[in-house]
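All remarks here apply to the structure that follows.
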Amino acid sequence: MLLILRRLGGKRLHAPITCSIPISRRTSTIATPRFIPSRLDLIEDIEDYQHGGYHPISLGDTFDHERFKILHKLGYGESSTVWLARDQRKGQDRGRLVTLKAMRADISSSKTPSEIPELAISQKLRASLPRRAASDFQTVEHHFFVQGPNGSHLCLIFPLAGPNILALSDSPGRPAGSRRLRADLARKVAKQTAEALHHMHSAGIVHGDLTTSNILLRLWPRVIEWSDAEVYAYLGDPETEDVRTRGGQPSGPHAPLMLVAPIDNSRISNAKLLQDNIMISDFGQSYEIASPPLSYKPATLLNYQSPEARFEGRIGLETDIWALGCAIFGIRAGFALFEPFLGSDIDILRQTVETLGRLSDPWWGAFEQRTLWFDEDGQPKSEQDQERAGVLLKACKSSIRDKLRTIGEEDVPSTGDEGPMIEKPGVRLPEEEIELLGDLLEKMLKYRPEERISIQDVIRHPWFTS
């Protein structure tokens, strides 16, 4: 499966710079589409500009008594649109650049600010951790509400950060995995991520959604102080498109006049503007261990979900260890341990059993489609039996170490300079590293949560200093 997708150049989901922004779409409640779909890449569903949905934002808009001015688009998620803004607070010569996240009205109105995890967890981390440890997280610095045609929207202000690791690994037009961090930098980023998670657990908080989309590289301080002219010189002028209705009538107040494409990550990742330090973002699924939400439902990406989260809806510190193991593989490989290309829970389960063996009971029995690919001991059936079952993608025996050995196997060189952070094409992992990293990941990705190693043991593992 992995090699098939890599040969196809399977594209993985990614988010533009700043905080983790899952590129997924909420199903619109509008029965008849009002708008003509956009031709721009990575654009939110225009139909979600309706009552209870996104707040219409245009370039040049100001918020919170003209303190924050919109300069560019950073991305969007199921619950928000995210923008590059300038803090024009009085007393500052120019005003630093920040991230402005405008929440959907239905989410903003359904909870009080203290019930919104990103805000509540940000406050908890800053209160519980020493300043240096708290800086490992992209926490909310300021918040306010704005009233618009679609309702009342909570806006969150974060420090500006660089692209996430998943976006940095993206290589459009090339096979998946052809672009990845330099080996020593990958180990450093993985170690910093593990240490940040340790700080979070020490503060009594479960992250709940740790993926390479939520691990951000820091920008050099000078970037935060850019003038408007420098922003556009380095990041490019915003690419826009008029909002068009199907009937040709005006779009009305609920939608913006223009859609804005997000900043191209390559504009900043190739410009030597990134530090080799990270921060962790996105606390939408986080909670305090001492008071877990009563109606909590895991919502992390399927290929990062542990068995207990997938089958029982149960998460905890051990669930973060599983997700961290998947993230460490992605950091080092440039592609996912369990490929999400088809977006199917069943296919990810198939890959999981291929790689880690038979699921523990009772989860094995809950995997009802297992008989298409596997015998009851978890071994893949013969190709002939799988063909008779009519499966499109056949299961074959694999392991974490087998997948580590494929890194660099089918790299396609870039046509341009990818910068000092990216590993040269064709570099393979030495067998010593495969054994060390394989040992670490196997201990983190135990099916039973109580059998996984602790975050302290993760940090002490010799792979990080190999």
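The values are calculated or read from the model by the stated rules, or taken from the named source; none is laboratory data. Computed from a predicted model, the values in this text were never measured in an experiment. Methodologically, a virtual Cβ is constructed for each residue, glycine included, from the backbone with ideal geometry; neighbour enumeration extends over all protein chains shown. Surface areas here come from the heavy atoms of the whole protein model, side chains and all, with no ligands, DNA or RNA. Shrake-Rupley method; radii C 1.70, N 1.55, O 1.52, S 1.80 Å.
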Q. Using a Förster distance of 35 Å, how high is the FRET efficiency between V391 and E225, based on the Cβ-Cβ distance and rounded to 0.05?
A. 0.05
Q. Around H142, which amide H atoms from residues at least 5 apart in sequence, or from another chain, sit under 5 Å from its own amide H, with H modelled in the peptide plane?
A. I157
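Remind me, relative contact order of the chain in percent, using alpha carbon pairs under 8 angstrom and six or more residues apart?
It comes to 18 percent, rounded to a whole number.
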Q. Trypsin sites (Lys or Arg not before Pro), restricted to the stretch 336-400: which are DSSP loop and have at most 15 other Cβ atoms within 10 Å?
A. K397
Q) Over the stretch 50-105, what number does the Rg to Rh ratio reach, with both radii from the alpha-carbon atoms and Rh per Kirkwood? A) 1.01
**Q.** Where Rh is the Kirkwood radius over Cα pairs, Rg/Rh for the stretch 134-288
**A.** 1.02
(Q) Given the DSSP H assignment, sum -39500 (n - 2.57) over each helix run of at least 4 residues in the chain and divide by its residue total; what's the result at 222 nm in deg cm²/dmol, nearest 500? (A) -8500 deg cm²/dmol
Q) Leaving out same-chain residues fewer than 8 places away, which aspartates and glutamates sit with a Cα under 15 Å from that of K101? A) E44, D61, D64, E78, D87, E118, E141, D282
(Q) Using the basic label-point model (7 angstrom from Cα toward the beta carbon), what is the R131 to T62 distance in nanometres? (A) 3.1 nm
Q) How do 427-435, 117-125 rank on mean C-beta neighbours within 10 Å, highest first? A) 117-125, 427-435
Q: For the stretch 204-244, state which GluC sites (Glu not before Pro) are in a DSSP loop and have at most 16 other beta carbons lying within 10 Å of their beta carbon.
A: E225, E239
Q | Mean shadow area of the stretch 208-321, taken as a quarter of the surface of its Cα convex hull (nm²) | A | 12.1 nm²
Q. Which of the helices in the chain, when you take each full DSSP H run, stretch at least 27 Å along the axis at their Cα atoms and have an average Kyte-Doolittle score of -0.5 or higher?
A. none
Q) For the pair Q275 and K111, what calculated FRET efficiency results from E = 1/(1 + (r/R0)^6), where r is the Cβ-Cβ distance and R0 = 60 Å, to the nearest 0.05? A) 0.95
Q) How much length is gained on full extension from E368 to E450, taking 0.36 nm per residue of separation minus their Cα-Cα distance? A) 27.0 nm
**Q.** 1.4 Å probe accessible area per residue over the chain, in Å²
**A.** 42 Å²
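Between the DSSP loop rule and a limit of at most 10 other Cβ atoms within 10 Å, which trypsin sites (Lys or Arg not before Pro) in the stretch 53-97 are left?
For trypsin sites (Lys or Arg not before Pro) across the stretch 53-97 that sit outside H, G, I, E and B with at most 10 neighbouring Cβ atoms in 10 Å, the list reads K90.
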Q: Subtracting the Cα-Cα distance from 0.36 nm times the residue separation, let me have the gained length for S466 to V427 in nm, one decimal.
A: 12.4 nm
Q: Sketch the reach of a paramagnetic label on R314 as a point 7 Å from Cα along Cα-to-Cβ, and name the residues of the stretch 342-383 whose backbone nitrogen lies under 13 Å away.
A: 361-363
(Q) Going by Cα centres, the stretch 88-140 and the stretch 404-420 are how many Å apart? (A) 36 Å
Q.
Probe radius 1.4 Å, ligands and nucleic acids ignored: give me the carbon and sulfur share of the accessible area of the stretch 282-408 as a rounded percent.
A. 52 percent
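Expressed as a whole percentage, what fraction of the accessible surface of the stretch 27-178 belongs to carbon and sulfur atoms when a 1.4 Å probe is rolled over the protein heavy atoms?
Carbon-and-sulfur percentage of accessible area, whole number: 50.
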Q: Report, by chain and number, residues whose modeled amide H sits under 5 Å from the one on I205, excluding near sequence neighbours (fewer than 5 apart, same chain).
A: I289
Q) Can you list the HN-Hα couplings for the stretch 400-417, worked out from phi with the Karplus curve (6.51, -1.76, 1.60; θ = phi - 60°), rounded to whole Hz and with x for Gly and Pro? A) 4, 5, 4, 5, 4, 6, 7, 4, x, 5, 10, 4, 10, x, 7, 7, x, 6
Q) Of the cross-linked pairs K191/K272; K69/K111; K272/K446; K191/K446, which ones have a Cα-Cα span greater than 30 Å in the structure shown? A) K272/K446
